[in-house]
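Nothing in this text is a laboratory measurement; each read-out follows from the coordinates by a stated rule. Treat the numbers as computed from the prediction; the structure is a model and nothing was measured. Backbone-built Cβ (ideal geometry, glycine too); neighbour counts: all protein chains shown.
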Amino acid sequence: MQPLISLIAGLIFGAGLAVGGMINPARVQAFLDLFGHWDPTLAFVMGGAILPMTMAWVIKARLDRPLAGGVFDLPDTRKLDRHLAIGALLFGAGWGIGGLCPGPAIADLALVPGPALLFVAAMLAGMGVHRLTLGR
């Protein structure tokens, strides 16, 4: 049952990214271009995500365990260290240059596989380098 729920959640997430325009690199780059032809559309998409996420946290607080799993898988630390800061900088730079981040890139594999495939390959290579260098 868990794989089916995960698949449905992933499909809903991917559809939301597609409908909201988050899988369009040009729209993402226009959103990040604050001093050029700024496109505020994605601000509304991100703002619209606040309500369902707030509801999810309220529901989670009332549950002892997830409805479709054994335990909640939350980070055990809130530590902000050098690795997290460097990772965030690399993520932001990649998002700005490529116009994609991991979720939309995976969704794009189904819609526009060419550019997304290059991004996903680079993302997987980066994950491999991280694992080799930091052993995590």
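A simple rule links phi to the HN-Hα coupling: the Karplus curve 6.51 cos²θ - 1.76 cosθ + 1.60 with θ = phi - 60°, which for the range 95-105 gives 5, x, 6, x, x, 10, 10, x, x, x, 5 Hz, with x for Gly and Pro. The Cα center of the range 1-73 and the Cα center of the range 91-136 differ in position by 18 Å. Between I50 and R78, the modelled label-to-label distance comes to 2.0 nm, taking each label 7 Å out from Cα in the direction of the beta carbon.
The ellipsoid that matches the Cα gyration tensor of the chain has semi-axes, each √(5λ) in whole angstrom, of 26, 21, 18, with the longest given first.
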